[in-house]
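**Q** Please find one structure pasted underneath; my questions will follow.
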Amino acid sequence: MGRHREFDVEKVLDAAVAVFWRKGYEGASYSDLVKATGVERPALYSAFGNKEALFRKALARYSELYLDYIPEAFGLSTAREVVTHILRKAVDHNTRFEDRMGCLGINGAVASSDDAEPIRKALAEFRAAGRERLRERLEKAQAEGDLPKSAAPDALAAFIMTVTQGIAVQAKGGMSRELLEAVAEQALAAWPADDVLGSKALPTASSGPP
């Protein structure tokens with residue numbers, strides 16, 4: 001009979017999330033992980049596999065615990081509400097913890113070497129999946145008449161996700177929450193205008209007074 005596991009897997013994963021979030025994949029050593037989790041290296045290997053496998057499990061746990069605001073946003077009524085929620089919550093998420101600013105999905109792959117290429121690709125796929133879900137939501141909004149026909153859902157989704165990733169990078173670099181909130185509002189100010197002005201259209205040069 002195998003030895004009974006003497007630790008809480010979720011608590012260990014939570015500790016690993018904090019280490020990877022703070023230090024990135026390559027910056028996090030096994031000594032860091034052992035110290036944070038309280039579990040010796042052989043037991044970590046036995047429970048989670050190698051460091052790459054542990055990181056992948058930590059990324060899934062991170063998404064479950066901290067990125068719930070994204071699916072939450074997709075349930076809102078309008079595309080603008082969806083994007084507003086994502087941007088404002090991104091600022092909150094990336095500045096909430098003083099000991100681990102930014103986003104694990106961004107911090108995890110910064111300055112990765114060739115040895116960490118599988119993790120870099122995994123994180124690129126992770127970010128691309130979020131962008132794709134937002135694109136699908138914006139396309140739905142456009143089909144329902146909630147987003148102007150002139151808007152490009154793919155480019156708009158890429159723009160919003162690029163802003164959120166920039167927020168994560170700048171938060172990690174020490175930019176203030178107040179300035180990041182202003183960045184989010186500036187991005188919202190670029191929201192696509194309606195295709196037509198309707199009854200508020202300006203008179204043409206040949207138009208006489210009413």
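The values are calculated or read from the model by the stated rules, or taken from the named source; none is laboratory data. Fair warning: this is a prediction, and the values are worked out from it, not measured in the lab. Heads up, the Cβs are rebuilt from the backbone with ideal geometry, glycines too, and the neighbour counts pull from every protein chain shown. Areas reflect the complete protein model, heavy atoms only, side chains present, ligands, DNA and RNA absent. Shrake-Rupley method; radii C 1.70, N 1.55, O 1.52, S 1.80 Å.
**Q** Subtracting the Cα-Cα distance from 0.36 nm times the residue separation, let me have the gained length for D146 to E72 in nm, one decimal.
**A** Working: separation 74, 0.36 × 74 = 26.64 nm, distance 1.85 nm.
Net length gain for the segment: 24.8 nm.
**Q** Which of these values of Kirkwood radius over Cα pairs in Å was calculated from the structure shown: (i) 19.4; (ii) 18.6; (iii) 16.7?
**A** Recomputing Kirkwood radius over Cα pairs in Å here gives the entry labelled (i).
**Q** With Kirkwood's inverse mean 1/r over C-alpha pairs for Rh, give me the Rg to Rh ratio of region 57-146, two decimals please.
**A** Reported Rg/Rh, Kirkwood definition of Rh: 1.02.
**Q** With an 8 Å Cα cut-off and a minimum separation of 6 or more residues, compute the relative contact order for region 1-54 in percent. Please report the intermediate quantities before stating the final value.
**A** Details: 25 pairs, mean separation 17.7, N = 54.
Relative contact order of region 1-54: 33 percent.
**Q** Determine the alpha carbon to alpha carbon distance for each of K89/K149; K121/K172; K35/K89 and list only those over 24 Å.
**A** Working: K89/K149 27 Å; K121/K172 21 Å; K35/K89 31 Å.
Pairs exceeding 24 Å: K89/K149; K35/K89.
**Q** For every other residue with a beta carbon closer than 10 angstrom to the beta carbon of G108, add +1 if it is Lys or Arg and -1 if Asp or Glu, then tell me the sum.
**A** Values: positive: K23, R120; negative: E26.
Residues near G108 contribute +1 overall.
**Q** Return the Cα extents of region 143-191 along principal axes one, two and three, sorted largest first, each rounded to a whole Å.
**A** Extents along the principal axes, in whole Å: 40, 16, 13.
**Q** How tilted is helix 9-27 with respect to the longest principal axis of the chain? Cα atoms for both, answer in degrees (0 to 90, nearest 10).
**A** The helix 9-27 is inclined about 70 degrees to the chain.
**Q** How would K121, K51, K35, K89 line up by accessible area, probe 1.4 Å, largest first? Can you show the working numbers first?
**A** Working: K121 110, K51 40, K35 180, K89 85 Å².
Descending accessible area places them as K35, K121, K89, K51.
**Q** Also, I was wondering about something else. In debye to the nearest 20, how big a dipole does the chain give about its Cα centre with +1 on each Lys and Arg Cβ and -1 on each Asp and Glu Cβ? Before the final figure, lay out each step's value.
**A** Numbers: 28 positive and 30 negative charges, 65 e Å.
Here the chain has a charge dipole of around 320 debye.
**Q** Find out how many positive minus negative residues lie around K35, taking Lys and Arg as positive, Asp and Glu as negative, among other residues whose Cβ is under 13 Å from that of K35. Can you show the working numbers first?
**A** Details: positive: R22, K23, R41; negative: D32, E40.
Overall, the nearby charge balance is +1.
**Q** Once a ≥ b ≥ c are taken as the square roots of the eigenvalues of the Cα gyration tensor of region 8-96, is the result rounded (a/c under 1.5), prolate (a/b larger than b/c) or oblate (a/b not larger than b/c)? Provide the component values of the computation, followed by the final result.
**A** Working: a/c = 3.36, a/b = 2.52, b/c = 1.33.
Verdict is prolate for region 8-96.
**Q** In region 101-141, what percent of the accessible surface is made up of carbon and sulfur (1.4 Å probe, ligands and nucleic acids excluded)? Please report the intermediate quantities before stating the final value.
**A** Numbers: 990 of 2020 Å².
For region 101-141, the apolar C and S fraction of the accessible surface comes to 49 percent.
**Q** How high is the relative contact order of the chain, given as a whole-number percent (alpha carbon pairs under 8 Å, six or more residues apart)?
**A** Details: 191 pairs, mean separation 46.8, N = 210.
Relative contact order here is 22 percent.
**Q** On to the next question. Quick check on region 105-171: take the gyration tensor over C-alpha atoms, sort the square-rooted eigenvalues as a ≥ b ≥ c, and tell me if it's rounded (a/c under 1.5), prolate or oblate. Could the numbers behind the result be given before it?
**A** On the way: a/c = 3.96, a/b = 2.35, b/c = 1.69.
In terms of gyration-tensor shape, prolate.
**Q** What list of ³J(HN,Hα) couplings, whole Hz, do you get for region 156-161 from phi and the Karplus terms 6.51, -1.76, 1.60, once you set θ to phi - 60° and write x for glycine and proline?
**A** 5, 4, 5, 4, 5, 5
**Q** Let me have the 222 nm mean residue ellipticity of the chain computed from DSSP H runs of 4+ only, each contributing -39500 (n - 2.57), with the sum over all residues rounded to the nearest 500.
**A** On the way: 10 runs with 137 residues, N = 210.
Counting only the DSSP helices, I get -21000 deg cm²/dmol.
**Q** R88: net charge of surrounding residues, Cβ under 14 Å, Lys/Arg +1, Asp/Glu -1, itself excluded?
**A** Details: positive: R80, K89, R96, R177; negative: E72, E81, D92, E178, E181, E185.
Its environment carries a net charge of -2.
**Q** Next question. Rounded to the nearest whole Å², what accessible area per residue is found for the chain with the 1.4 Å probe?
**A** Numbers: 12050 Å² over 210 residues.
Roughly 57 Å² per residue, with all protein chains present.
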